[in-house]
1. Of the residues in the stretch 57-84, how many are part of a loop (DSSP other than H, G, I, E, B), out of contact with any strand residue (DSSP E or B) (no Cβ under 8 Å at 6 or more places or on another chain) and surrounded by 12 or more Cβ atoms within 10 Å (Cβ to Cβ)?
2. Given the conditions (1) more than 30 Å from residue 82 (Cβ to Cβ); (2) surrounded by 10 or more Cβ atoms within 10 Å (Cβ to Cβ), and given that residue 38 satisfies all but one, which numbered condition is not satisfied?
3. Among the numbered criteria (1) touching a strand residue (DSSP E or B) at 6+ places or on another chain (Cβ under 8 Å); (2) without any contact (Cβ under 8 Å) to a residue 40 or more places away in the chain; (3) not in a strand (DSSP E or B), which single criterion is violated by residue 41?
4. Any residue at all in the stretch 16-31 that's on the phi > 0 side of the Ramachandran plot, surrounded by 10 or more Cβ atoms within 10 Å (Cβ to Cβ) and free of Cβ contacts under 8 Å to residues at least 12 places away in the same chain?
5. Check the stretch 89-107 and report whether any residue there is surrounded by 17 or more Cβ atoms within 10 Å (Cβ to Cβ), at pLDDT 75 or above and within 17 Å of residue 38 (Cα to Cα).
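The values are calculated or read from the model by the stated rules, or taken from the named source; none is laboratory data. For clarity, every value in this text was computed on a predicted model and none was experimentally measured. FYI the Cβ positions are ideal-geometry reconstructions off the backbone, even for glycines, and counts take in every protein chain you see.
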């Protein structure tokens, strides 16, 4: 009886731990810069603030005197605003007033979320 338990526990350990011991080829994995470029294009940028690398996205008219800073909530990222900042296609104030043409917008990704 004890031998069966030892064999069962050994088999269980092999099945649970074994896959972590198999080497995986990681070629093809994108860096955060490459992934951000793929999602946002040339609007995506990185800057170092207080020793931390921060990802941000700019859109709209850089010559505008109005700046809108969009901050996402916990667990979200700048991607939450992608449809709003690129092409406001919903029947909202953004779409009606062409905010993209009349303001400069900046989306910040919090550290440990999104590409930051």
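1. Residues that pass the stated criteria total 2.
2. (1)
3. For residue 41, the exception is condition (1).
4. Of all residues in the stretch 16-31, those on the phi > 0 side of the Ramachandran plot come to 28.
Going one step further and asking which of them are surrounded by 10 or more Cβ atoms within 10 Å (Cβ to Cβ), we end up with none.
Checked against the condition, which is being on the phi > 0 side of the Ramachandran plot, surrounded by 10 or more Cβ atoms within 10 Å (Cβ to Cβ) and free of Cβ contacts under 8 Å to residues at least 12 places away in the same chain, the stretch 16-31 yields no hits at all.
5. yes
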